[in-house]
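Taken together, the values in this text are just the output of simple stated rules run on the coordinates, not laboratory data. Given the structure is predicted, the values throughout are model-derived calculations rather than measurements. Backbone-built Cβ (ideal geometry, glycine too); neighbour counts: all protein chains shown.
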Amino acid sequence: MCDLTQKYNVPGPRYTSYPTVPYWDLDSFSGKQWKSSVLKTFQEDPKEGISIYIHLPFCENMCTFCGCHKRITKRHEVERPYINAVLKEWELYCDLLGTRPLIKELHLGGGTPTFFSPENLKILIEGILRSGKVAETYDFSFEGHPNNTTKAHLQTLYDVGFRKVSFGVQDYNLTVQRAINRIQPFENVKNVTEWAREIGYTSVGHDIIYGLPFQDCANVEETLIKTKAIKPDRIAFYSYAHVPWLKGNGQRGYKDSDLPSSVVKKAQYEMGKRMLTEFGYKDVGMDHFALPTDNLYKALVQGTLHRNFMGYTPYKTNLMIGLGASSISDSWYGFAQNVKNVEEYENLVSQGVIPIFRGHILNLEDQIVRKHILDIMCQFETTWTNEEEQEVDFSSILENLSELEADGLVETTSNSIKVTEKGRPFVRNISMAFDLKLHRKKPNTRIFSMTV
Ligand SMILES: C=Cc1c2[nH]c(c1C)Cc1[nH]c(c(CCC(=O)O)c1C)Cc1[nH]c(c(C)c1CCC(=O)O)Cc1[nH]c(c(C)c1C=C)C2
Ligand SMILES: C[C@H]1O[C@@H](n2cnc3c(N)ncnc32)[C@H](O)[C@@H]1O
Ligand code: SF4
């Protein structure tokens, strides 16, 4: 296993989208095209419903491992103007759609959604729901910080329809916590998990990371043993993505040599996977484990699992609107990203402008490749048709896969591939074989994190 780990430990995308952001064709994108692609998808099937992602970018403290877009502040006066801007942006989209959309999925991410007071979160959600209708089956979720999530946060969001929450845990070891500037006692995680259950949340998730600075196998083991004691319904078991070159993400305070080697990292993953399986969790797909009772695992079994910018989700909608600074929207025919700076975001919205600054419209080849990458990520297999072969160079994809096949990670036929059990930890590498844009133009600077 070690040899394969070293062989396949290369920089690679996480495929929350295809094409990945660095490969968007910015020149042929315009706001006008974006709006018409949103409208086209919405009108194709208004009953399908839409997903909404809301980015809430503030945190009180900077965790130095974090790769998310956030702004560190203790000034809570920022809450109201930000929420007003998000509601205004939502109004701009509702005007474009011309009718109250059906909302199937709503996710609050960050940053730290629980930086905001329960009252302000209530204003936000009620404002969103006023211009939309909630679908019969719906999924509302948020990311909570165990250090500042209160019973009032959990109750308030429950009352407006939230049933799913995930908490950032990362690691329980104090040395690791000091290195990532995130002191977070087990008690805090236990409390918020228990409160969520008492209130009636049906899915509580914990995010755990391996590959953190100063973290060895024993730390991951200890973290998972503690986790077992409170048995969250879902566990995101992430590989630490070291991308200090991304502007403003704050990854600092430790040296590259403080990070576990790729061999240790792989051992942490293997051990974690073994332990989680013993504890009764199912491997759902890249990074995700769930109890068999959780709807993410049920979606995997039923073949309805989907992946978008929020990660894995049990529901697929073709239209996903991302609100807030830095959010990415997906209209199925295109992607668009909002400006990242909070002031610029608020200014543009107040002028009545949908605040996107870049995007990509998918051509036919992109659409076909995206479908197969999604199938690999969500179903671990995919099959293509003769018609698709007219548009996409599958022979070069098969060629890209030949080495992965020789290593026993995939099984291929002339028009299909299946990821083997041994190949599962390498889904990023397998997806890369389909990424024709990456093969045509290899990045000449560092962009992606390592795949292991
Ligand atoms: C809560 C924070 C977020 C996490 N993922 C996203 C957010 C807002 C969404 C997201 N993740 C990436 C992109 C860029 C689009 C793309 O390249 O497909 C978006 C919009 C990719 C990404 N995520 C992380 C990194 C370092 C990158 C870019 C480069 C790469 O692909 O390696 C780090 C990271 N962020 C989150 C997780 C769980 C994670 C690493 C495991 C959460
Ligand atoms: C939303 C979740 O994203 C994860 N997360 C944030 N930044 C990184 C990173 N650089 N590497 C891996 N996981 C990360 C954390 O586990 C957080 O809780
Ligand atoms: S991990 Fe969460 S709390 Fe920490 S900086 Fe990132 S978004 Fe903020």
Which length gain, in nm to one decimal place, applies between R252 and L96 when the Cα-Cα distance is subtracted from 0.36 nm times their residue separation? 52.0 nm
If each DSSP helix of 4+ residues adds -39,500 (n - 2.57) and the sum is divided by the residues in the chain, what number results at 222 nm, nearest 500 deg cm²/dmol? -12000 deg cm²/dmol
Determine ³J(HN,Hα), in whole Hz, for all residues of region 84-99 in sequence, where each value follows from phi through the Karplus function 6.51 cos²θ - 1.76 cosθ + 1.60 and θ = phi - 60°; x replaces Gly and Pro. 4, 5, 4, 5, 5, 4, 4, 4, 4, 5, 5, 4, 4, 6, x, 7
I want to check the label-to-label distance for T150 and E278. Put each point 7 Å from Cα in the C-beta direction and report it in nm to one decimal. 4.1 nm
Could you compute the FRET efficiency for K371 and E136, with r as their C-beta to C-beta distance and R0 at 25 Å, rounded to 0.05? 0.40
Quick one: putting +1 on the C-beta of Lys and Arg, -1 on the C-beta of Asp and Glu, what dipole do you get for region 364-440 around its Cα centre, in Debye to the nearest 20? 360 debye
Antiparallel bridges, percent of DSSP beta bridges restricted to the chain (to nearest 5): 45 percent
Can you find, among Y210, L438, V78, the residue sitting farthest towards the positive end of the charge dipole of the chain, where Lys and Arg contribute +1 and Asp and Glu -1 at Cβ? V78
Distances longer than 24 Å among the Cα atoms of region 1-129: what percent of all pairs is that? 50 percent
Gain upon complete extension [V243, Y158; 0.36 nm per residue less C-alpha separation]: 27.1 nm
Quick calc, V353 & I447: beta-carbon distance into FRET formula, R0 25 Å, rounding 0.05, result 0.30
Loop-located trypsin sites (Lys or Arg not before Pro) in region 183-263, at most 13 other Cβ atoms within 10 Å (DSSP): K247, R252, K255
As I understand it, the dipole of region 243-327 uses +1 on the Cβ of Lys and Arg and -1 on the Cβ of Asp and Glu, about the Cα centre. Which of P244, P260, M271 lies farthest toward its positive end? P244
Going by C-beta contacts inside 10 Å, put R130, R75, R163 in order with the fewest on the left. R75, R130, R163
Under the Karplus curve 6.51 cos²θ - 1.76 cosθ + 1.60, θ = phi - 60°, whole-Hz ³J(HN,Hα) for region 27-34, x wherever Gly or Pro sits: 5, 9, 10, 9, x, 5, 4, 4
Using the Kirkwood formula on alpha carbons, the hydrodynamic radius of the chain in angstrom works out to 22.6 Å
Provide D207, D45, D233 in ascending order of the number of other Cβ atoms located within 10 Å of each residue's Cβ, fewest first. D45, D207, D233
By the C-alpha gyration tensor axes a ≥ b ≥ c (rounded if a/c is under 1.5, else prolate when a/b exceeds b/c, else oblate), the shape of region 102-149 is oblate
Stretch R80-A406 to full length: gain in nm at 0.36 nm per residue minus the Cα-Cα span? 111.7 nm
When the C-alpha atoms of region 364-440 are aligned to their principal axes, what extent does each axis show, in angstrom, from largest down? 32, 22, 22
To the nearest 20 debye, what charge dipole does the chain have about its Cα centre, counting +1 at the Cβ of each Lys and Arg and -1 at the Cβ of each Asp and Glu? 1000 debye
Just to verify a number: FRET efficiency for I199 and E222, C-beta to C-beta distance, R0 = 35 Å, to 0.05? 0.75
